[in-house]
Every structure is written in C-alpha cells, then in structure tokens.
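The structure under discussion appears below in the form of structure tokens.
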Amino acid sequence: MKENKKEYIIITTCPFCGHAHEVAVNEDDFWDWDDGKNAQDAFPYLTPDEREMLISGICPTCWENTFGSDEDEEEDPEDWEDDVDECGYNPYMGCYDFDC
C-alpha cells in the first residue's frame, strides 16, 4: 500500500475573497494530477473542499456564498426562462442574441 505522506504544500488564492489557503498533498499524487489525473482520483484523502480549492481556487466560504450548498434545492430547468434578461442572455444556457 502506498504511503500517504503529505510533503507538498500547495497555496491557492481564492479569486473571490483573495485569501490564501494551504493544501498539503503527497508529491507523487501532485505529479499524477499535474499529468492529468482527476483530482478526486489523485487525492482521495483530501476533502471535496480541499480538492475544489486546487481545481478552481475557490475557498469553501466563497463557494457556499456564490453557488450554495448541496443541501440547497436544485433549480428546475423549466424555470430557466424566468432568468433570461432583456437581451436574451440566460445564465444557464448562454447568450443567443449576438447583438448584446
């Protein structure tokens, strides 16, 4: 069995709040991830929040404030048309009116 020695410290900066966060990982796992392995496969010992900080840089607090939590009710795609603004931009589907 592979030893799970966390010898690399990765520092991420949240793009929303600007705070720096440290995530400790195994060196071999880091290079596997750097070579394209999915974060959840390369770092199964990290929490989902720690893996997200490596992927996007977004800290758990800003993720919750921006996107909500898993406990939040899923939005029904049939309600998406309510979110379309005047120019036709829908945050879920993109902009189809190229004049905006």
Handout entry: Farthest positive-ward along region 1-69 dipole, Cα basis, beta-carbon charges - from 42, 67, 57
Key = 67
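Determine the dipole magnitude for region 1-69: charges of +1 sit on the beta-carbon of Lys and Arg, -1 on that of Asp and Glu, nothing else is charged, the reference point is the Cα centre, and the result goes in debye to the nearest 20.
On the way: 5 positive and 14 negative charges, 35 e Å.
It works out to roughly 160 debye.
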Problem - Net charge of Cβ neighbours under 14 Å - reference residue 53; Lys, Arg +1; Asp, Glu -1 - result: -4
Completion exercise
Computed ³J(HN,Hα) along region 20-27: with the Karplus parameters 6.51/-1.76/1.60, θ = phi - 60°, integer Hz and x for glycine or proline, the list is 8, 9, 9, 10, 8, 9, 6, 4
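Each value in this text was obtained by applying a stated rule to the coordinates, not by laboratory testing. Predicted model only: the values in this text are computed from it and were never measured. Ideal geometry is used to build each Cβ from the backbone, glycine not excepted, and the neighbour counts take in all protein chains shown.
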